[in-house]
Amino acid sequence: MKAIQVGLIGFGTVGSGVVKVLRQNADVIEKRVGRPVVLARIADLDVTTDRGVQVPAGTLTTKVGDILDDPAIDIVVELIGGHEPAKRFILQAIERKKSVVTANKALLADHGEEIFEAAFKSTVDVGFEASVGGGIPIIRSLTEGLAGNRVASIMGIMNGTSNYILTRMTNEHRDFAEILQEAKREGYAEADPSLDVDGIDAAHKLAIMVNLAYGTPVRMAEIFTEGISGLSTVDMEFAKELGLTIKLLGIAKLRDQSIEARVHPTLVPAGSPIAQVGGVYNAIHLIGDAVGDVVLYGKGAGSLPTASAVVGDIIDLARNRISGVACRVPPTSFQWEHRQLIPIRPMATIESMYYLRCMVKDQPNVLSKISGILGGHGISISSVLQKGRKAGQTVPLVILTHRSLEAAIQTALREINALPLVSEPTTLLRMEELE
Ligand code: HSE
């Protein structure tokens, strides 16, 4: 019985997790595949660092050609991340009819079309379960389990690092900068955390999910993206008082033949399932027309959870190779010829509920001036909170609105900020009901 031969490119945190899972679960994997799955070669520029896992002599190589040029390798696993040379290696593997597994969300979000087109043309499978939500099987849910649904919305916590920081800011009432420094020391945040805390990583993942859910490519520039670095503990305290919690959400909704796709800090009801998701966990809330609400929750990062998703893909693609099929499940979920360009709505046209924290002089008539501006733009107020009483001094005035148009709130905000009684730029946060 010929074993399935796997070549791994990238022996970092996830790569070593894959080695561990393939080894410790070799027996069940063989029973599920019907043949042994063997890690034949591992390519990495650094083959001397101890990765905490034993590999048989002769497995490690610094030459990626030892994997890509070897006709015996069935499945190539790309775990180096970034655009190049990852893209080149994946395209070469596809050209050589090797099945491909990748966890590379940045590459798929930015160059997915090129990779998917190559896969379709060569009838080669590409698995990328690990690219979104770490160990959560969200990709397979979209392409298979929920494939009978029209997806109304996808909403969720898609970045563990920023969720970890927000959870600690909320619980410990401490500033972003302070928690970030600690998270870096503890290994929860990268030395350069910008992809995570600026919302870009979540936007990459949202782009991949929108592509699969709606059968349309999405350009990253079309996704409104705002991170968590500007958040203040003052707003977290007010949120708590109002029965709300701030989470960095990726949000996609189908509305009138177009799609809303955005990533930003969002106020959600403190009692909602998403609000309970703490630390590095991810949770994705989908609404399908047939299934209704589905929430997938689990570890969104880490060596073994991400390796779980990679090995799931290896098993899937191994089964396909043994059965002599490929692209049975199209990598884009929709068949290539049935994909279409669905417009992504400009941010100005979305509707949301809003939280405004105006810093105002504590004097009569302030609220009527601000509410007058909001009312003039068709924005209806749902509640107002003012704390403290310091006549003549600056105090925060928090206003929650009913569902309003983004363009209207932005215009109103400019007018509010121009009022002489407003002492600093107003904080704006968007709010979701998560019904
Ligand atoms: N950096 C990501 C996160 C993990 O913090 O969620 C990998 O997708």
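The values are calculated or read from the model by the stated rules, or taken from the named source; none is laboratory data. As the structure is a computational prediction, the values presented were derived from the model and not from experiment. Ideal geometry is used to build each Cβ from the backbone, glycine not excepted, and the neighbour counts take in all protein chains shown. All accessible areas refer to the heavy atoms of the entire protein, side chains included, with ligands and DNA or RNA removed. Shrake-Rupley method; radii C 1.70, N 1.55, O 1.52, S 1.80 Å.
For the residues Asp196, Asp46, Asp293, a 1.4 Å probe over the protein chains yields an accessible-area ranking, largest first, of Asp293, Asp46, Asp196. Could you please state how large a percent of the accessible area of the range 265-420 is carbon and sulfur, counting protein chains only and using a 1.4 Å probe? So the carbon and sulfur contribution to the accessible surface is 56 percent. Taking all protein chains as they are arranged and a probe of 1.4 Å, the heavy atoms of Ile287 leave approximately 50 Å² accessible to solvent. The DSSP beta bridges internal to the range 202-348 are antiparallel in roughly 85% of cases. The stretch between Glu424 and Lys387, if pulled fully straight at 0.36 nm per residue, gains 11.6 nm over its current Cα-Cα span. Where both bridge residues fall in the chain, DSSP classifies roughly 70% of the beta bridges as antiparallel. Rolling a 1.4 Å probe over the protein heavy atoms gives the chain an accessible area of 42 Å² per residue. Gain on full extension, evaluated as 0.36 nm per residue between Gln340 and Arg414 minus their Cα-Cα distance, stands at 22.9 nm.
Kirkwood-type hydrodynamic radius, the chain: 23.3 Å, calculated from all non-identical alpha-carbon pairs. Take the Cα of Ser380, step 7 Å toward its Cβ, do the same at Asp27, and the gap between the two points is 6.4 nm. Taking a cut-off of 19 Å between Cα atoms, list the lysines near Lys387, but don't count ones fewer than 8 places away on the same chain. Within reach: Lys240, Lys361, Lys369.
Taking all protein chains together and rolling a 1.4 Å probe, Thr426 ends up with roughly 20 Å² accessible. Here the gap between Ala3 and Ala177, fully extended at 0.36 nm per residue and compared with their Cα-Cα distance, gives a gain of 57.6 nm.
Of Leu286, Leu367, which has the most accessible area with a 1.4 Å probe, and how do the rest follow in descending order?
Values: Leu286 5, Leu367 75 Å².
Greatest to least solvent exposure: Leu367, Leu286.
For His338, His402, His111, write out the residues from largest to smallest accessible area, computed with a 1.4 angstrom probe and no ligands counted.
Values: His338 120, His402 90, His111 60 Å².
Largest accessible area first, the list is His338, His402, His111.
Let me spell out the model: positive unit charges on the Cβ of Lys and Arg, negative unit charges on the Cβ of Asp and Glu, origin at the Cα centre of the chain. What dipole size does that give, in debye rounded to 20? Numbers along the way, then the final one.
Details: 44 positive and 49 negative charges, 99 e Å.
For the chain, the charge dipole is close to 480 debye.
The amide H of Phe224, built 1.01 Å from its N in the peptide plane, has Ala261, Val263 as neighbours under 5 Å, considering only residues 5 or more places off or on other chains. One quarter of the surface of the convex hull around the alpha-carbon atoms of the range 201-280 equals 6.3 nm², the direction-averaged projected area.
Taken along its principal axes, the alpha carbon cloud of the range 82-121 reaches lengths of 23, 16, 14 Å, longest axis first. Rolling a 1.4 Å probe across all protein chains gives Phe120 an accessible area of roughly 40 Å².
For the cross-link pairs Lys20/Lys105; Lys31/Lys87; Lys121/Lys253; Lys2/Lys87; Lys63/Lys299, which exceed 26 Å when the distance is taken from alpha carbon to alpha carbon? Exceeds cut-off: Lys31/Lys87; Lys121/Lys253; Lys2/Lys87; Lys63/Lys299.
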